[in-house]
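Colleague: Quick one: the structure is below, and I'll ask about it shortly.
The values are calculated or read from the model by the stated rules, or taken from the named source; none is laboratory data. Predicted model only: the values in this text are computed from it and were never measured. Ideal geometry is used to build each Cβ from the backbone, glycine not excepted, and the neighbour counts take in all protein chains shown.
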Amino acid sequence: MKDFTPTAEQISLHGLGFIQVKLPANRRMHVWHPDLPRRSCYARSAIHNHRFSFLSTVMIGEQVNRRYVVVPTPDGSHDRISHDGPRSERGGRLSYVADQVNVWASPDEHYGPGASYLMQPLEYHETPNSGIVVTIMQKLHEGDVHASSLIERGHEFDQGFDRFQLDAAALWAVVVDALKRGDAADVIKAVAA
């Protein structure tokens, strides 16, 4: 049986440069902020998928969503990194190269406050945001295949990113700073819904 143990903390740092806050009803608030650390290989490994479908609604800022067509092929441009291992003491999943793929980017999608977009299970994308962005993500259908990231061939995936490098107080301070940039009342209504 595969280990789908979720992150235990109510607030946590993600290697893709955002904070995740667990909310009721299978929802998450995601906060991107330029001051947040990212995994060292981020520039070469931002493309990823999820084992679940989700609806993401932008509350503050502009969310950029870039989808990818991904095709397995020998000697592809990217390694597919399967996040299939148990959680490490640093909070991430131990991961390994599963195969090689080629990728083709779709045009960027831009979403402002109040706009939503839907992602299907295992659909590849990245969110190359600049500045502060706050979204509410509603998890929908959960699949039984682990998520993957893609990294450009010839580069090593950062297994050592420490999700605990900032304590909860520091993470909450970033969230509060982000909420000050927009209409926090709208965010509170969304969280309470």
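Colleague: Does segment 21-33 contain any residue that is assigned to a helix (DSSP H, G or I) and under 16 Å from the mean Cα position of the chain (by Cα)? I'd like the intermediate steps shown before the answer.
Modeller: Here is the first cut: in segment 21-33, the residues assigned to a helix (DSSP H, G or I) are none.
No, there is no match, as no residue in segment 21-33 is assigned to a helix (DSSP H, G or I) and under 16 Å from the mean Cα position of the chain (by Cα).
Colleague: Taking segment 65-104 on its own, how many of its residues are within 14 Å of the chain's Cα centre (by Cα), modelled with pLDDT of 95 or more and crowded, with 17+ Cβ neighbours inside 10 Å?
Modeller: Residues flagged as within 14 Å of the chain's Cα centre (by Cα), modelled with pLDDT of 95 or more and crowded, with 17+ Cβ neighbours inside 10 Å within segment 65-104 amount to 2.
Colleague: Residues in segment 107-119: is at least one out of contact with any Phe, Trp or Tyr (no Cβ under 7 Å at 6 or more places or on another chain) and modelled with pLDDT under 90?
Modeller: No, there is no match, as no residue in segment 107-119 is out of contact with any Phe, Trp or Tyr (no Cβ under 7 Å at 6 or more places or on another chain) and modelled with pLDDT under 90.
Colleague: Residue under question is residue 136, and the condition is that it be part of a strand (DSSP E or B) and at pLDDT below 95; does it hold?
Modeller: Judged against the criteria, residue 136 is not a match.
Colleague: Quick one: in segment 93-115, which of the residues that are part of a strand (DSSP E or B) and among the charged types (D, E, K, R) is nearest to residue 160 (Cα to Cα)?
Modeller: For segment 93-115, the residue satisfying everything is 93.
Colleague: Which residue pairs have Cβ atoms closer than 6 Å, lie 6 or more positions apart in sequence or on different chains, and pair a first residue in segment 29-47 that is more than 21 Å from residue 60 (Cα to Cα) with a second residue that is in a loop (DSSP other than H, G, I, E, B) and among the charged types (D, E, K, R)?
Modeller: 39/158; 40/158; 41/158
Colleague: I would also like to ask the following. Output the residue which, of all residues in segment 139-193 that are surrounded by 14 or more Cβ atoms within 10 Å (Cβ to Cβ) and among the acidic types (Asp, Glu), is modelled with the highest pLDDT.
Modeller: 152
Colleague: Next question, about the same structure. I'm told residue 57 meets every condition in (1) out of contact with any helix residue (DSSP H, G or I) (no Cβ under 8 Å at 6 or more places or on another chain); (2) in a strand (DSSP E or B); (3) at pLDDT 95 or above except one. Can you identify the failing condition by its number?
Modeller: Residue 57 satisfies every listed condition except (1).
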